[in-house]
Every structure is written in structure tokens, then in C-alpha cells.
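The values are calculated or read from the model by the stated rules, or taken from the named source; none is laboratory data. Nothing here was measured: the structure is a model prediction, and the numbers come from that model. Virtual Cβ from ideal backbone geometry, glycine too; neighbours counted across all protein chains shown.
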Ligand code: HEC
Ligand code: HEC
């Protein structure tokens with residue numbers, strides 16, 4: 001049942017109608033980033049069998065999971081999100097059976113190309129974040145996701161080399177820092193930087209190997225989280241640009257008009273690649 005207007009107003013202490021609704025929207029938006037006051041109202045219909053977050057997270061061996069992430073990428077061409085997620089939750093299923101083996105893993109195939117080619121979030125990152133979120137709520141996932149995503153922005157990728165087991169391209173591949181968690185930026189920068197086509201075997205191979213790198217990092221984070229529990233913090237500090245820009249562009253600051261923890265620099269630094277391409281462009 002939807003909360004009625006009276007209940008909303010009651011919950012907000014009888015503020016004026018317009019202000020109350022705007023206030024609620026604001027508090028929910030902030031709850032989405034884990035900061036600010038969250039709306040704690042509960043509804044009976046959303047109760048979950050076993051309760052929320054009832055599955056037990058299990059430690060995994062990143063070396064054992066690495067080739068599984070790689071093969072998962074190629075299985076039915078299910079790609080990055082599937083490979084990363086299966087290498088975590090699928091491996092728990094292979095080792096421990098239920099409830100992990102109940103998961104419909106093929107759901108993750110939608111993450112290919114940043115959600116069916118849309119180039120939004122790198123699917124491997126989504127697969128890993130979704131695996132964390134099977135076990136921990138947003139507040140606890142937050143430092144885990146921050147750690148993984150900040151590492152991804154700055155790490156030289158890909159690292160993994162399957163050797164003769166390579167599926168699309170055998171041999172070493174060049175590496176760069178994706179700079180962004182977005183598939184579009186990550187793929188396009190790599191292709192432009194190393195003169196590869198986005199529809200090439202090399203790019204496919206690069207993304208399969210990068211899926212392994214993400215899986216390894218995610219499993220390191222998962223194992224550390226299991227060991228440290230609520231004390232888990234992560235090691236990467238907030239990106240310099242985010243610290244600088246969030247001094248004003250963040251909740252409660254002078255210009256609270258943007259939402260992101262992505263590194264701001266690639267898009268807002270006057271980068272020549274981001275100038276106007278609609279005029280005087282080949
Ligand atoms: C000292 C405070 C402050 C800092 C630090 C700051 N901004 Fe702003 N920024 C503003 C204000 C104020 C506006 C005007 C928008 C508004 O009305 O809220 C603005 C507007 C903008 C706009 C929209 C207008 C435009 O010029 O295109 C962008 C984009 C922007 N800032 C990006 C950034 C980025 C990226 C950083 C970090 C490099 C940053 N800002 C750091 C205060 C700041
Ligand atoms: C992947 C590229 C990308 C990244 C990363 C990014 N932005 Fe933006 N940002 C944009 C685009 C595109 C817009 C919309 C610009 C427009 O109005 O057409 C925008 C809009 C904004 C605006 C609203 C003003 C405006 O020009 O419309 C602010 C403020 C802003 N960004 C700040 C930031 C800050 C701070 C960060 C880092 C925390 C950040 N952005 C990261 C691409 C990016």
C-alpha cells in the first residue's frame with residue numbers, strides 16, 4: 001500500500017505540504033548515497049523470505065576464481081557483468097550449493113557493454129557491486145564499492161593474461177588507466193589510445209581480461225570485509241578532484257546540484273577530447 005499524504009506529512013512533523021514533499025524527496029535522494037537523514041518507514045509488503053541480507057558471504061580464492069571470471073565472460077558471450085558476478089556468487093554455489101545455486105545468473109548478462117551496449121557503468125563493476133549487495137546493505141557496501149571503483153579509475157588495466165587459454169586474442173595487450181567507471185570512457189579511451197576498433201577481438205579480449213582483474217580485486221575486498229566486518233574501511237582515499245569539487249558541489253554545500261563520486265577530472269578539466277565535435281570535425 002502506498003503511504004498516503006497524511007502519513008507522509010505526519011512522518012515529517014506537519015511541515016507545509018509543498019515543503020514536506022520536497023523534503024522527503026531530498027531525504028530519499030540522500031539516503032541513496034548513504035549520507036543525510038534516511039526515511040526509515042517500513043512497509044509489510046516488502047518483507048523478504050529469510051529476511052533482508054540473509055545469505056552468508058563466503059571467502060573465496062581469487063586465483064581459483066580468475067579463470068572462472070574469464071570463461072564466464074565468453075560463456076554464451078554473457079560478458080563482463082556475468083563473468084564478474086559468477087566468479088563470486090557462482091563459485092560460492094559450486095562450493096557450498098544452496099542458497100547460492102538458486103541465483104538466476106543469466107540475469108547478469110544484461111550488463112554487457114555498460115547495459116546492452118549503452119556504455120554506462122562498466123558491467124564487471126556492476127557484477128561485483130551486485131555480489132557485495134547480496135550480503136550487505138548500502139551503508140556496508142559503500143566502502144567496498146568505493147574501494148573497487150576508485151581502484152578501477154586509476155589502475156593500469158588489463159593485467160590478467162590467460163596465456164594459451166586466450167579466446168579472442170593470444171598474447172600481451174597494452175594497458176591504461178580507464179580513468180572512469182563508465183564503459184563508454186573506459187572502452188573508447190583504450191581503443192583510441194592503442195588504435196584498436198571497439199568491435200575487435202582485441203577489445204573483446206581486453207574486456208574479458210579486465211573482468212578477471214575486477215573479479216580479483218572484488219574478491220580481495222570481499223575477503224577483507226568478511227574478516228573485518230563493520231570495521232572494513234578500504235584503502236583508497238577520495239580522488240583529489242572529488243575532494244576539491246565536493247567542497248561546494250555536495251549535499252549541504254553551497255552548490256548542491258550534482259550527484260557523483262566519479263573522478264570529475266576527465267569530463268570537467270577542459271580535456272581537448274571533449275570539445276565540440278559537431279563543428280569542423282572530420
Ligand atoms: C568554491 C565553491 C565551488 C567549488 C570548489 C567548485 N564549484 Fe562549481 N560552481 C560553484 C557555484 C556556486 C556554481 C554556480 C551554480 C549554482 O548556482 O549552484 C558552480 C557551477 C558549476 C558548474 C555549472 C556552470 C558551469 O560553469 O558550467 C559546473 C559544471 C561546475 N560548477 C563544476 C565544478 C567542478 C568540476 C569543480 C571542481 C573542479 C567545481 N565546480 C568546484 C561553486 C564551486
Ligand atoms: C563522465 C563525465 C562526467 C563526470 C565524470 C562528471 N561530470 Fe559533471 N557533468 C557531466 C555532463 C555531461 C553534465 C551535463 C552538462 C550540461 O548541462 O549539458 C554535467 C553536469 C555537471 C554539473 C551541473 C552544471 C552543468 O554544467 O550542467 C555540475 C555542477 C557537475 N557536473 C559537477 C561535477 C562534479 C563535481 C563531478 C565529480 C564529482 C562531475 N561533475 C563528474 C559530465 C561529467
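Condition check ((1) without any contact (Cβ under 8 Å) to a residue 40 or more places away in the chain; (2) more than 26 Å from residue 239 (Cβ to Cβ)) across all residues:
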residue: 41; (1), (2): yes, yes
residue: 45; (1), (2): no, yes
residue: 83; (1), (2): no, yes
residue: 99; (1), (2): no, yes
residue: 106; (1), (2): yes, yes
residue: 119; (1), (2): no, no
residue: 132; (1), (2): no, no
residue: 149; (1), (2): no, no
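So the check is Cβ under 6 Å with 6+ separation or different chains; which pairs have a first residue in segment 247-266 that's in contact (Cβ under 8 Å) with a residue 12 or more places away in the chain and within 14 Å of residue 153 (Cα to Cα) and a second one that's more than 10 Å from ligand 1 (Cβ to nearest atom) and part of a helix (DSSP H, G or I)?
If the second residue must be more than 10 Å from ligand 1 (Cβ to nearest atom) and part of a helix (DSSP H, G or I), the pairs left are 263/153.
Select from segment 199-222 the residues that are without any contact (Cβ under 8 Å) to a residue 40 or more places away in the chain and in a helix (DSSP H, G or I) and list them in ascending order.
Within segment 199-222, 201, 202, 203, 204, 205 qualify.
Can you pull out the residues in segment 267-282 that are farther than 21 Å from residue 120 by Cβ and more than 12 Å from ligand 1 (Cβ to nearest atom)?
Hits for segment 267-282 are 272, 275, 276, 278, 279, 280, 281, 282.
Can you find even one residue in segment 250-259 that is farther than 29 Å from residue 65 by Cα and within 16 Å of the chain's Cα centre (by Cα)?
Yes, segment 250-259 contains a residue that is farther than 29 Å from residue 65 by Cα and within 16 Å of the chain's Cα centre (by Cα).
Would you pick out the residues in segment 223-266 that are touching a helix residue (DSSP H, G or I) at 6+ places or on another chain (Cβ under 7 Å), within 8 Å of ligand 1 (Cβ to nearest atom) and part of a helix (DSSP H, G or I)?
241, 265
Given the criteria surrounded by fewer than 22 Cβ atoms within 10 Å (Cβ to Cβ) and within 20 Å of residue 213 (Cα to Cα), does residue 71 qualify?
Against the criterion (surrounded by fewer than 22 Cβ atoms within 10 Å (Cβ to Cβ) and within 20 Å of residue 213 (Cα to Cα)), residue 71 qualifies.
Out of 185, 181, which single residue is under 25 Å from residue 135 (Cβ atoms) and either away from ligand 1 (no atom under 14 Å from the Cβ) or within 22 Å of the chain's Cα centre (by Cα) (or both)?
Among 185, 181, only 181 is under 25 Å from residue 135 (Cβ atoms) and either away from ligand 1 (no atom under 14 Å from the Cβ) or within 22 Å of the chain's Cα centre (by Cα) (or both).
Assuming residue 185 fulfils every condition listed in (1) away from ligand 2 (no atom under 16 Å from the Cβ); (2) farther than 24 Å from residue 76 by Cβ; (3) in contact (Cβ under 8 Å) with a residue 24 or more places away in the chain apart from one, which condition is it?
Here residue 185 meets the rest and fails (1).
To keep it simple, each residue is scored yes or no on (1) within 22 Å of the chain's Cα centre (by Cα); (2) surrounded by 12 or more Cβ atoms within 10 Å (Cβ to Cβ); (3) closer than 24 Å to residue 220 by Cβ; (4) modelled with pLDDT under 95.
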residue	(1), (2), (3), (4)
5	no, no, no, yes
10	no, yes, no, yes
23	no, yes, no, yes
29	yes, yes, no, yes
36	yes, yes, no, yes
44	no, no, no, yes
47	no, no, no, yes
62	yes, yes, yes, no
84	yes, yes, yes, no
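Quick one: how many residues across segment 238-252 are surrounded by 10 or more Cβ atoms within 10 Å (Cβ to Cβ) and more than 10 Å from ligand 2 (Cβ to nearest atom)?
Here the count works out to 2.
For residue 171, state whether it is within 16 Å of ligand 1 (Cβ to nearest atom) and either at pLDDT below 95 or at positive phi (or both).
Taking the combined requirement at face value, the residue does not satisfy it.
Identify, please: which residue in segment 204-237 is within 16 Å of the chain's Cα centre (by Cα) and over 19 Å from residue 65 (Cβ atoms) and is, among those, farthest from ligand 2 (Cβ to nearest atom)?
234
Could you list, in sequence order, the residues of segment 116-132 that are out of contact with any strand residue (DSSP E or B) (no Cβ under 9 Å at 6 or more places or on another chain) and surrounded by 16 or more Cβ atoms within 10 Å (Cβ to Cβ)?
Correct list: 123, 124, 125, 126, 127, 128, 130, 131, 132.
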